[in-house]
Amino acid sequence: MALDRSRFFPLALSRGFFIELSGAQLGEQTDLFDGALKAAKGSLKGLVFFDSNNRHRGRLSKKFSGAWPRKTHKYLGHRGFWQVSPVVHVLGIETSCDETGVALIRAQPGSGSSQTGAGASGATGEILAQALHSQVALHAAYGGVVPELASRDHIQKLAGLVERVMSEAGVDWAALDAIAFTEGPGLAGALLVGASLAQGLAAAVNKPVIGVHHLEGHLLSPLLDPAAGDIKFPFLALLVSGGHTQIMRVDGLGRYALLGETIDDAAGEAFDKSAQLLGLGYPGGPEIARWSTSGRADRFDLPRPLMRRPTLDFSFAGLKTAVLTHVQKLRSSLALDDQARADMAAAVQAAIVDVLTGKCRKAMRDTEIHQLVVAGGVGANQALRQAFAEISRQDQCRVLFAPPHLCTDNGVMIAWAAALRVLGGQPPSKASGFSVRPRWPLAELPLV
Ligand code: KG4
Ligand code: ZN
């Protein structure tokens, strides 16, 4: 035990634990600490702080890196509490739209530098179990998601999927660190199903909850790949889902600067609407991709809106109108056969891929940031993946995708985003009532 002269800074070393009982303002009082840490080096198993904060951590990491085993100085975020065993188990629940997704993730901070990898912490995650129920068949007859049917189906499926995931993972409820759910944006009724089950479970098993932003879930999902270890902040992110098309600069967890976005339809919507006009089924993205394989993209000339403009914004409404015009002409001349459908599908896909890759190239040039993460349902598109692979060779940039099954909505991305926030220092909250945020701008997310 050591005290500084003003008794402001008591330290204790006992049974391999080094305990500092000062307030968060470490200030200049670090010499005592420095000496004590050096003396304790080698016999130190863990480091416990009360009332610490991120500034505290930053100062300590800088000053004392190497003074204790790396894995012990990660901040776990339980209200300023540094834990000795920084492994978190998070159950994730996704019900924002038409997929019921549940997953259990085990995550831990990495031992690398604090600027690399997921959440700037080099964190790594392992999927212990996951389950997904797609409502595609339920909505197919309507050509789009019917919100009321979606909510009812989530209610029927969610509890069963949670049970399955917990038993497949073989993890006890008591071992969970947080229960995460998609708080928004999305369909209000569908979100409420996930939020209420998460809050109810959390209250029942006395665990904290964490509400996750759906788009942050998409955006961070590629970082679950072990190959993401060399991705550094800042990086660019292309978020392409059914409702969003955005290019962002990511400076840290919760630090998202919007560089460009669609001024009308999203890329996923352009796929879906074009498929609908061609009578190809729902959801349109995978259908267009499938038909494209037997089509010739150059048979129809489709516009690439805003392509040559200096902006990083997108526009896909004109593409849809052009498809409609072609389809009407083909119909009136009785020429809308399967080959025409396939050729049109290939032309639509090529136009969307051109616009998305063109704008991302421009963003990388403008910002001089040469790392890009692609996330969201459209990220599952093989032609887009191939085009980016080619660009990464030509421009010598790094382009990272989530595996295709993690591009579309799933529970893994929700558990992972929550785990990164918890590891980054955001305390999960106690289960209490619940709210959802059907509209929730990414810019309003708390920083970590
Ligand atoms: O991210 P997501 O699963 O849900 C939203 O949050 O919106 O994205 C769904 C969108 C749909 O528009 C779907 O057509 C599109 O992603 N999509 C694809 C592919 N798979 C899904 N678009 C192109 N090619 C695909 N393989
Ligand atoms: Zn989504």
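The values are calculated or read from the model by the stated rules, or taken from the named source; none is laboratory data. Note that the coordinates shown come from a computational prediction; the quantities given were computed from them, not determined experimentally. Here the Cβ positions follow ideal geometry from the backbone for every residue, glycine too, while neighbour counts run over all protein chains shown. Calculation scope for accessible area: heavy atoms of the full protein, side chains included, ligands and nucleic acids excluded. Shrake-Rupley method; radii C 1.70, N 1.55, O 1.52, S 1.80 Å.
Looking only at region 210-226, how many residues end up being open to solvent by less than 10 Å² (accessible area, probe 1.4 Å) and more than 16 Å from ligand 1 (Cβ to nearest atom)?
Here the count works out to 2.
Does residue 229 fit the bill of being open to solvent by 10 Å² or more (accessible area, probe 1.4 Å) and within 16 Å of ligand 2 (Cβ to nearest atom)?
no
Of everything in region 370-382 that's away from ligand 2 (no atom under 16 Å from the Cβ) and crowded, with 18+ Cβ neighbours inside 10 Å, which residue is farthest from residue 271 (Cα to Cα)?
Filtering region 370-382 for residues that are away from ligand 2 (no atom under 16 Å from the Cβ) and crowded, with 18+ Cβ neighbours inside 10 Å, the one farthest from residue 271 (Cα to Cα) comes out as 371.
Return only the number of the condition from (1) buried (at least 24 other Cβ atoms within 10 Å of the Cβ); (2) touching a Pro at 6+ places or on another chain (Cβ under 6 Å) that residue 420 does not satisfy.
(2)
Among the residues of region 401-413, which ones are within 12 Å of ligand 1 (Cβ to nearest atom) and closer than 21 Å to residue 108 by Cα?
Hits for region 401-413 are 402, 406, 410, 413.
Could you check region 120-140 and list, in sequence order, the residues that are open to solvent by less than 30 Å² (accessible area, probe 1.4 Å) and farther than 26 Å from residue 251 by Cα?
129, 131, 135, 139
So for region 279-298 (the condition being free of Cβ contacts under 8 Å to residues at least 24 places away in the same chain, touching a helix residue (DSSP H, G or I) at 6+ places or on another chain (Cβ under 9 Å), open to solvent by less than 50 Å² (accessible area, probe 1.4 Å) and within 16 Å of ligand 1 (Cβ to nearest atom)), does at least one residue qualify?
Yes, there is a match, as at least one residue in region 279-298 is free of Cβ contacts under 8 Å to residues at least 24 places away in the same chain, touching a helix residue (DSSP H, G or I) at 6+ places or on another chain (Cβ under 9 Å), open to solvent by less than 50 Å² (accessible area, probe 1.4 Å) and within 16 Å of ligand 1 (Cβ to nearest atom).
Would you mind stating whether residue 150 is in contact with an Asp or Glu (Cβ under 8 Å, 6 or more places away or on another chain), of a type outside the set (D, E, K, R) and closer than 30 Å to residue 262 by Cα?
Considered against the rule, which asks whether it is in contact with an Asp or Glu (Cβ under 8 Å, 6 or more places away or on another chain), of a type outside the set (D, E, K, R) and closer than 30 Å to residue 262 by Cα, residue 150 comes out as yes.
Within region 238-249, which residues are more than 12 Å from ligand 1 (Cβ to nearest atom) and surrounded by fewer than 23 Cβ atoms within 10 Å (Cβ to Cβ)?
Matches in region 238-249: 249 only.
Taking residue 352 as the residue in question, decide whether it is in a loop (DSSP other than H, G, I, E, B) and either within 21 Å of residue 408 (Cα to Cα) or more than 16 Å from ligand 2 (Cβ to nearest atom) (or both).
no
Would a scan of region 148-158 turn up a residue that is closer than 20 Å to residue 89 by Cβ and either modelled with pLDDT of 95 or more or open to solvent by 40 Å² or more (accessible area, probe 1.4 Å) (or both)?
yes
Please count how many residues of region 282-308 are aromatic (Phe, Trp, Tyr), farther than 17 Å from residue 384 by Cα and either within 25 Å of the chain's Cα centre (by Cα) or part of a helix (DSSP H, G or I) (or both).
Looking only at that region, the number is 1.
Would you confirm whether or not region 259-268 contains a residue that is over 19 Å from residue 444 (Cα atoms), in a helix (DSSP H, G or I) and more than 14 Å from ligand 2 (Cβ to nearest atom)?
no
Looking at (1) without any contact (Cβ under 8 Å) to a residue 60 or more places away in the chain; (2) surrounded by fewer than 21 Cβ atoms within 10 Å (Cβ to Cβ), which is the one condition that is false for residue 430?
(1)
Could you please give the count of residues in region 234-248 that are under 15 Å from the mean Cα position of the chain (by Cα) and away from ligand 2 (no atom under 16 Å from the Cβ)?
So the count comes out to 3.
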